[in-house]
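Throughout, read-outs are computed from the coordinates displayed, never taken from laboratory work. Worth saying up front: this structure is predicted, and the values here are computed from it rather than measured. Note: ideal-geometry Cβ built from the backbone for every residue, glycine included; neighbour counts use all protein chains shown.
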Amino acid sequence: MLLKTLVISVTSFIMALAPLAMTGSYASAKEKVEKTPASYAVVLKNTKGDVVGQALLSQSEGGVVVQLTVQGLKPGLHGIHFHEKGVCQPADFVSAGDHFNPYGKKHGLQNPKGPHAGDLENLFADQNGHAQTSFITSRVTLEKGKKNSLRDEDGSALIIHADEDDQMTDPSGNSGARIVCGEIK
């Protein structure tokens, strides 16, 4: 008798909770998963169209985490930015448009009127031209429908430049030619 009462009580409790699974919390959790991928792989190509690396983007509570590996760069510092269109047509990658700048700021992490949402710290390539780094940026998101989303209608691009970004000069920090590009669509 006691076991039967316990089974009925537990069953009643579970049945009372069942409708909650279909409420807003479930729906919003499902929507968030659909809007934000766990991770997003970006193939990086040079101006000849050769694959030279990869960036793995993932959404975190603090912003977008970028894990990047690339080869074939000249040793030293290179500007790296998110650009406004997800199109990487060699040989100059002008197809990617300007820096991703949904809020109309000036260029540079040290610019008092900046930065662009797509501005990032310089990338360091070792003496063999290899660069491997991880960083997070809170100025962009992978969540669709947000003004600062890298996954908007025309996508965006991750571009590495030939030279160091001075983090002040508008519009691109004097960072030189676009030498590596990866489409984010």
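Computed from backbone phi, the HN-Hα couplings of the range 133-148 come to 8, 9, 7, 10, 10, 8, 7, 10, 9, 9, 6, 5, x, 8, 4, 9 Hz, rounded to whole numbers (Karplus: 6.51 cos²θ - 1.76 cosθ + 1.60, θ = phi - 60°; Gly and Pro given as x).
Between the listed residues ALA131, ALA96, GLN67, the Cα displaced farthest toward the positive end of the dipole of the range 52-132, a dipole computed from Cβ unit charges relative to the Cα centre, is found at ALA96. Residue by residue, the range 95-105 carries 3J(HN,Hα) couplings of 4, 6, x, 7, 4, 5, 8, x, 9, x, 8 Hz when phi is fed to the Karplus relation 6.51 cos²θ - 1.76 cosθ + 1.60 (θ = phi - 60°); x denotes Gly or Pro.
If you sort the three axes of the alpha carbon gyration tensor as a ≥ b ≥ c, you get a/c under 1.5 for the range 41-185, which makes it rounded.
Note that the range 115-124 has calculated 3J(HN,Hα) couplings of x, 5, 4, x, 6, 9, 4, 4, 9, 9 Hz, one per residue in order, obtained from phi through the Karplus relation 6.51 cos²θ - 1.76 cosθ + 1.60 (θ = phi - 60°); glycine and proline are x.
Which of the chymotrypsin sites (Phe, Trp or Tyr not before Pro) found in the range 69-155 are loop residues per DSSP with 15 or fewer other Cβ atoms within 10 Å of their Cβ? Before the final figure, lay out each step's value.
Numbers: sites: PHE82, PHE93, PHE100, TYR103, PHE124, PHE135; in loops: PHE93, PHE100, TYR103.
Listed in order of number, the matching sites are TYR103.
Of the GluC sites (Glu not before Pro) found in the range 117-155, those in coil by DSSP whose Cβ has at most 13 other Cβ atoms within 10 Å are GLU153.
Which pairs break 31 Å Cα to Cα here: LYS48/LYS113; LYS74/LYS106; LYS113/LYS146; LYS48/LYS147; LYS45/LYS146? Violating the 31 Å Cα-Cα cut-off are LYS48/LYS113; LYS48/LYS147. In this structure the amide hydrogen of LEU44, modeled in the peptide plane, comes within under 5 Å of the amide hydrogens of VAL52, GLY53, GLN54, ALA55, none closer than 5 places in sequence on its chain. For trypsin sites (Lys or Arg not before Pro), the sites in the range 91-120 that DSSP calls loop and that have at most 13 other Cβ atoms within 10 Å are LYS113.
Shape class for the range 142-185: oblate, because the ratio a/c of the largest to smallest gyration tensor axis (alpha-carbon atoms, square roots of eigenvalues) is 1.5 or more and b/c is at least a/b. Amide H contacts of HIS83: PHE100, ALA157, LEU158, ILE159, each under 5 Å away and 5 or more positions distant or on a separate chain (H built 1.01 Å from N in the peptide plane; Pro and chain starts excluded).
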